[in-house]
Amino acid sequence: MKKPKTTNRFCPYCKKKTLHKIKLLSTGTKRGTLKRGSLIRAKWRHAMPGMGNKGRYGSKPPINKWKRKTKSTKKHVFIYTCQTCTKSHQSKKGIRVSKVMFE
Ligand SMILES: [Zn+2]
């Protein structure tokens, strides 16, 4: 999906149509990194020593990540930043697309 970098939109703070910058909302950190059985928690436990058999943490997973993928699309939420008051607000509903490209 192609999307322009700027658009004219209604700003709820200025209460009129102004120029807005569009950005994608990001989750920040990867989800599930601190779950039970995760690699990061194993590292904190010092479960991965430098020598010897590393057990379940030693080898790579049998199937690559890109092969395991089941969902081809993802919900994207846009952030609109007003150029006059520099305040930002989100789009009400996210849209399901595989990729968003800004032009
Ligand atoms: Zn504004």
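The values are calculated or read from the model by the stated rules, or taken from the named source; none is laboratory data. In this text, all values refer to a predicted model and were calculated from it rather than measured experimentally. We place every Cβ from the backbone using ideal geometry, glycine too, and count neighbours over all the protein chains shown. Ligands, DNA and RNA are excluded from the accessible area calculation, which covers all protein heavy atoms including side chains. Shrake-Rupley method; radii C 1.70, N 1.55, O 1.52, S 1.80 Å.
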- Could you give me the residue pairs with C-beta distances under 6 Å whose first residue belongs to region 1-27 and is touching a residue at least 40 places away in the same chain (Cβ under 8 Å) and near the ligand (Cβ under 9 Å from one of its atoms), whose second residue is among the hydrophobic types (A, V, I, L, M, F, W, C) and open to solvent by less than 100 Å² (accessible area, probe 1.4 Å) wherever it lies, and which are 6+ apart or on separate chains? Cys11/Cys82; Tyr13/Cys85; Cys14/Cys85; Thr18/Cys11; Thr18/Cys82; His20/Cys82
- Given the structure, is Tyr13 modelled with pLDDT under 75 and surrounded by 10 or more Cβ atoms within 10 Å (Cβ to Cβ)? no
- Message: Residue under question is Lys35, and the condition is that it be open to solvent by 100 Å² or more (accessible area, probe 1.4 Å), modelled with pLDDT under 80 and basic (Lys, Arg); does it hold?
- Response: no
- Message: Would you confirm whether or not region 28-45 contains a residue that is in contact (Cβ under 8 Å) with a residue 24 or more places away in the chain and in a loop (DSSP other than H, G, I, E, B)?
- Response: no
